[in-house]
Amino acid sequence: MPSTYTLITSIGGAGNPYTVPSGGVTTATLSSIPSTYTDLKLLISARYSGSSIGDIAIRFNGDTGSNYSYVEGYGQSTGTPGGGKGSGAARHNSIINGTGSTASTFNNVEINIIDYASTSRAKVSIADAVLENMASTTNTQMRIQGWSWNNTANAINSITVFDPAGTNLVEFSTIYLYGISNA
Amino acid sequence: MTEPTLMMHIVNCTTGEVTERPYTAEEIAQYEADVAANTARRAEETAAAEALAALKASAKAKLVAGEPLTEEEAATIVL
């Protein structure tokens, strides 16, 4: 079955309604997401103003309750690979470059949000993230996560992106939200 | 040194309207809770990775020396 991708909105990048200012962004919220698509895809390229490796967290519909459960695995260029499972008040899509990383290097996160408009099932997502850091092999990582927003009643109508380590996403970070329709 | 103002940036996907405003008091409280939770999560993750690496190193050393492994050490190398 063919599918179509539609750019719903973007922050930064060409043709955007909004670009991250030079002072950075603490929290970016994509609101009033139409429920007319089958799935959503979120693409993030970001860097944060903190040192070392940071995190990107996602929250749906502003839900700050402990309603996000996850399983993840990660590997890095040195050190022991790891993984785990748990729950929390947001889903952390680690990882993101910081000031300790190679200059001007941004991470990549791709998140597929399946059946986001369902009003009868929990919403599941799959994310993969890669952090490249040529300055330090210990800070080069990749991470794969699956998680569920355990809300069965409400369609996802907003997505909040923030750094839970308490710093800003820096200028030139980009966020693209696509709607995927089954034709 | 003055802390930077926490700013909320909202893009309305339907209208394209962009809103920028400072955090509300409630959002600041949630932000502080998020930072604390993330710090704890990072510490747990680091501790778990270090503990696993130590177990693996210990298991390897014992294997080389021909010494018996603990069950925990064996679990790090037995598929």
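The values are calculated or read from the model by the stated rules, or taken from the named source; none is laboratory data. Since the model is a prediction, treat every value here as computed from it, not as a measurement. Here the Cβ positions follow ideal geometry from the backbone for every residue, glycine too, while neighbour counts run over all protein chains shown.
It is to be established whether one or more residues within segment A:76-92 are modelled with pLDDT of 90 or more and either farther than 16 Å from A:PRO164 by Cα or assigned to a strand (DSSP E or B) (or both).
We begin by selecting, within segment A:76-92, every residue modelled with pLDDT of 90 or more; these are none.
No, segment A:76-92 contains no residue that is modelled with pLDDT of 90 or more and either farther than 16 Å from A:PRO164 by Cα or assigned to a strand (DSSP E or B) (or both).
Can you work out which of the residues in segment B:45-79 that are more than 11 Å from chain A (Cβ to nearest Cβ) and among the polar types (S, T, N, Q) is farthest from the chain's Cα centre (by Cα)?
Step by step, filter segment B:45-79, then rank; the result is B:THR70.
Quick check: anything in segment A:43-56 more than 9 Å from every other protein chain (Cβ to nearest Cβ), over 14 Å from A:ILE96 (Cα atoms) and surrounded by fewer than 21 Cβ atoms within 10 Å (Cβ to Cβ)?
no
Look at B:ARG42 and say whether it is basic (Lys, Arg) and at the interface with chain A (Cβ under 10 Å from one of its Cβ atoms). Step through it out loud before you land on a result.
Details: basic (Lys, Arg): yes; at the interface with chain A (Cβ under 10 Å from one of its Cβ atoms): yes.
For B:ARG42, the condition - basic (Lys, Arg) and at the interface with chain A (Cβ under 10 Å from one of its Cβ atoms) - is met.
Name every residue in segment B:4-35 that is part of a strand (DSSP E or B) and within 22 Å of A:VAL170 (Cβ to Cβ), in order of residue number. Show your work before the answer.
Our first condition is that a residue be part of a strand (DSSP E or B); within segment B:4-35, this holds for B:7-12, B:18-22.
Within segment B:4-35, B:MET7, B:MET8, B:HIS9, B:ILE10, B:VAL11, B:VAL18, B:THR19, B:GLU20, B:ARG21, B:PRO22 qualify.
Please find, among B:THR14, B:THR24, the residue that is at the interface with chain A (Cβ under 10 Å from one of its Cβ atoms) and among the polar types (S, T, N, Q).
On the way: B:THR24 fails: at the interface with chain A (Cβ under 10 Å from one of its Cβ atoms).
Being at the interface with chain A (Cβ under 10 Å from one of its Cβ atoms) and among the polar types (S, T, N, Q) holds for just one of B:THR14, B:THR24, which is B:THR14.
Any residue in segment B:25-45 that is of a type in the set (S, T, N, Q), more than 24 Å from A:THR19 (Cβ to Cβ) and loosely packed, with under 12 Cβ neighbours inside 10 Å? Before you say what the answer is, go through the steps one by one.
Pass one, segment B:25-45, residues of a type in the set (S, T, N, Q): B:30, B:38-39.
Still in the running and more than 24 Å from A:THR19 (Cβ to Cβ): B:30, B:38-39.
If we keep only those that are loosely packed, with under 12 Cβ neighbours inside 10 Å as well, we get none.
Among the residues of segment B:25-45, not one is of a type in the set (S, T, N, Q), more than 24 Å from A:THR19 (Cβ to Cβ) and loosely packed, with under 12 Cβ neighbours inside 10 Å, which makes the answer no.
Right, A:ILE33: aliphatic (A, V, I, L, M), part of a loop (DSSP other than H, G, I, E, B) and modelled with pLDDT of 90 or more or not? Show your work before the answer.
Working: aliphatic (A, V, I, L, M): yes; part of a loop (DSSP other than H, G, I, E, B): yes; modelled with pLDDT of 90 or more: yes.
Considered against the rule, which asks whether it is aliphatic (A, V, I, L, M), part of a loop (DSSP other than H, G, I, E, B) and modelled with pLDDT of 90 or more, A:ILE33 comes out as yes.
Would you tally the residues in segment A:57-72 being more than 12 Å from every other protein chain (Cβ to nearest Cβ) and exposed (fewer than 15 other Cβ atoms within 10 Å of the Cβ)?
Result for segment A:57-72: 1.
Would you mention how many residues in segment A:114-129 are under 12 Å from A:LEU43 (Cβ atoms) and β-branched (Val, Ile, Thr)? Let's see the steps before the verdict.
Step one: filter segment A:114-129 for residues under 12 Å from A:LEU43 (Cβ atoms), giving A:127-129.
Imposing the further condition that a residue be β-branched (Val, Ile, Thr) reduces the set to none.
Residues in segment A:114-129 being under 12 Å from A:LEU43 (Cβ atoms) and β-branched (Val, Ile, Thr): 0 in total.
For segment B:53-69, how many residues are farther than 26 Å from A:GLY75 by Cα and not aliphatic (A, V, I, L, M)?
Summing the residues that are farther than 26 Å from A:GLY75 by Cα and not aliphatic (A, V, I, L, M) in segment B:53-69 gives 3.
Within segment A:38-67, work out how many residues are within 16 Å of B:ASN38 (Cβ to Cβ), in contact with an Asp or Glu (Cβ under 7 Å, 6 or more places away or on another chain), among the charged types (D, E, K, R) and part of a strand (DSSP E or B).
Result for segment A:38-67: 0.
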